Amino acid sequence: MSSGMNVDANEAKLKRDIGLFAVGLLVLNGVIGAGIFGLPGKLVEQAGIWGPWLIIIFGVLISSVVWTFASIASYFNTTGGPVAYANRAFGPLVGFQTGWLLYIGRVTAIGANTNVLVTYALDLAKVADSEMLRGFLLLMIIGGLVAINIMGVKKTVKAINVITLIKILPVLLLIVLAIPHITPDKAFPNGVPEFDQVSGLVLIILYAFVGFEGALVTAGETKDPKKTIPRALFTGIFIITAIYFLISWTYVNAVEDLGGDTPLIDMGEVLIGPIGVVMIVIAAIFSILGNATAIVVAAPRMTFAMAEEGSLPAWFGKVHDKYSTPANSIMFLGVLAFFLAISGTFVYLAAASTLARMIAYIICMVSLPVIRKKADQETLDNAMLLPFGYLIPIIAIIVCTFAIVQADIINWAYIIGFIVLGSGLYFANSIFAKKG
C-alpha cells in the first residue's frame with residue numbers, strides 16, 4: 001500500500017539532532033517514571049529483603065529483550081521503530097497493528113502520568129483539587145510538551161536533560177545517605193525466598209522495565225542510528241537496573257517500617273527529615289514529567305511512520321516547514337492524550353496497554369529472521385549479530401509470553417477492542433486512498 005508520499009524525501013526533511021547521550025536519556029526516561037517511587041515497597045511486601053536481588057535477575061531477563069531489539073535496530077536508520085520492523089517482516093497490516101497498540105499504550109500512559117503529576121503538584125502546593133483546576137493544569141502540561149516538541153527535537157532533548165537531572169539526583173542522594181545504614185543481615189539475605197504471589201511479583205518487576213522501545217522510534221532523527229541506538233539500549237538498561245537495585249537495596253537497610261505505597265518518601269523522611277519528603281515529592285513530579293516528555297518525543301514518530309507506510313492518512317506524515325518536526329502527529333497526540341487524561345478512562349486502560357506492549361515485543365522479535373533474510377549484503381555486514389544464534393530472542397519471547405499469560409479477561413477485552421478500532425482506521429484509509 002502506498003500513501004502517495006515520497007518516503008525518502010520526507011525522511012530527509014527530519015534533522016538528525018539526537019546523539020548517543022540523548023538517546024540514552026530517552027531510554028532512561030521511557031522506563032523510569034512514577035514506578036521507581038513505589039517499586040521498593042512493593043518488592044518488600046512480596047519478597048522481603050530478597051526483593052532488591054530479584055531486580056538483578058529480572059534485569060538480566062529483560063536484557064534479552066533489549067538485546068534482541070538492539071540487533072533489530074541495527075538493520076534500520078529510518079523513523080518508526082517497531083512499526084518499521086513489523087512492516088518489513090509481515091507487511092503493512094501487522095506493522096500498523098503493532099504500532100497502533102504501542103501508540104495507544106503510550107497515549108494512555110501520558111494521560112495517567114499527567115494526572116498523577118497534577119495530584120502531586122496540588123498536594124505539594126496545598127491547593128484544593130477541583131475538576132476545573134485539574135483540567136486547566138492538564139491542558140498546560142500537555143500543551144507545553146506538545147509546543148516544545150513541535151519547535152524542535154533539540155529543544156525537547158534539552159528539556160529531558162534538565163528533567164533527568166532533577167529526578168535522578170535526589171534518588172542518588174538517598175542511596176549515598178543510606179550507605180551507613182547497611183547491615184550484613186539485611187544486605188545479603190540467607191535461605192530461599194518465599195513469595196506471596198509469584199505472578200504479581202513478576203508483573204511488578206517486568207513492567208518496571210518496559211518503555212525502552214520509545215528510543216527506537218526516533219531513528220530518523222538520530223545520528224548514525226544503526227550504532228547509536230544499540231549502544232544506548234545496552235547502556236540505558238544497565239544504568240536502569242543499577243538504579244532500581246541500589247535504591248531498593250538501601251531502602252531495605254535504611255527504613256524500619258518497610259512496605260507501603262510511598263517507600264522513597266518514607267526513606268527521605270528517615271534520612272533527611274521533612275525536607276526529604278518535599279525533595280522526593282518534587283523528584284516524583286519531575287520523574288513523571290520526564291517520562292511523559294520522552295513519550296511525547298517517541299509516540300508521534302510512530303503515527304508519522306505509519307503515515308509514511310500508507311497505513312494512516314498522509315496528514316500524519318506532514319513535517320513542519322520551519323521546525324522540521326512531525327507537527328501534525330504531535331498535535332494529534334496532544335489532543336488525544338488530553339481527552340484521555342480528563343476523562344479518567346485511561347486508568348482502566350493502563351493494564352491493557354502493558355499487555356499490548358508485550359504482544360508488540362513478541363511480534364518484533366519474531367520478525368528478526370525475516371528482516372535478516374530480506375536485508376541486502378551491506379546491511380547484513382554492518383548489522384549487530386547475536387551470539388548463540390537465536391537463543392537470546394527465544395529467551396526474550398519466553399519472558400514476554402510469561403508476562404502475557406498473567407493478564408486477565410478484561411485486559412484482553414480492551415486489546416481486542418483497540419485491534420478492531422485500529423483495523424477500522426486502517427481499512428478506511430485504504431478505501432479513501434484508492435478513491436483518491
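The values are calculated or read from the model by the stated rules, or taken from the named source; none is laboratory data. Values in this document were obtained by computation on a predicted structure and should not be read as measured data. Cβ atoms come from the backbone with ideal geometry, glycine included; neighbour counts cover every protein chain shown. Keep in mind that these areas ignore ligands, DNA and RNA; they rest on the heavy atoms of the full protein, side chains included. Shrake-Rupley method; radii C 1.70, N 1.55, O 1.52, S 1.80 Å.
Among the numbered conditions (1) under 26 Å from the mean Cα position of the chain (by Cα); (2) modelled with pLDDT under 85; (3) of a type outside the set (A, V, I, L, M, F, W, C), the only one that Asp257 does not meet is (1). Here Ile398 passes the criteria (1) in a helix (DSSP H, G or I); (2) farther than 14 Å from Val66 by Cα; (3) open to solvent by 90 Å² or more (accessible area, probe 1.4 Å) except the one numbered (2). For first residues located in region 419-431 and closer than 13 Å to Leu101 by Cβ, partners that are part of a helix (DSSP H, G or I) and lie 6+ apart or on another chain with Cβ distances below 7 Å form the pairs Ile419/Gln97; Gly422/Phe96; Gly422/Gln97; Gly422/Trp100; Tyr426/Leu93; Tyr426/Phe96. Screening Glu309, Glu213 for residues that are open to solvent by 30 Å² or more (accessible area, probe 1.4 Å) and either more than 28 Å from Lys126 (Cβ to Cβ) or out of contact with any Lys or Arg (no Cβ under 9 Å at 6 or more places or on another chain) (or both) leaves exactly one candidate, Glu309. Does any residue of region 262-278 turn out to be surrounded by fewer than 18 Cβ atoms within 10 Å (Cβ to Cβ), assigned to a loop (DSSP other than H, G, I, E, B) and touching a residue at least 60 places away in the same chain (Cβ under 8 Å)? Looking for residues that are surrounded by fewer than 18 Cβ atoms within 10 Å (Cβ to Cβ), assigned to a loop (DSSP other than H, G, I, E, B) and touching a residue at least 60 places away in the same chain (Cβ under 8 Å), one finds at least one in region 262-278, hence yes. Residues of region 309-350 that are charged (D, E, K, R) and modelled with pLDDT of 80 or more: Lys318, Asp321, Lys322.
Taking the listed residues Ile295, Ile237, Ile285, the one that is closer than 30 Å to Leu380 by Cβ and β-branched (Val, Ile, Thr) is Ile237, with no other qualifying.
Let's see how each residue does on (1) open to solvent by 60 Å² or more (accessible area, probe 1.4 Å); (2) of a type outside the set (A, V, I, L, M, F, W, C):
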residue	(1), (2)
Ser324	no, yes
Leu336	no, no
Ile342	yes, no
Ala356	no, no
Val405	yes, no
Val420	yes, no
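For the residues Val44, Val66, the requirement of being assigned to a helix (DSSP H, G or I), out of contact with any Lys or Arg (no Cβ under 7 Å at 6 or more places or on another chain) and closer than 30 Å to Ser367 by Cα singles out Val66. Only helices (runs of 4 or more DSSP H) whose full extent lies in region 78-157 are considered here, and the ones with at least 1 residues that are polar (S, T, N, Q), modelled with pLDDT of 85 or more and open to solvent by less than 40 Å² (accessible area, probe 1.4 Å) are 82-90, 92-125.
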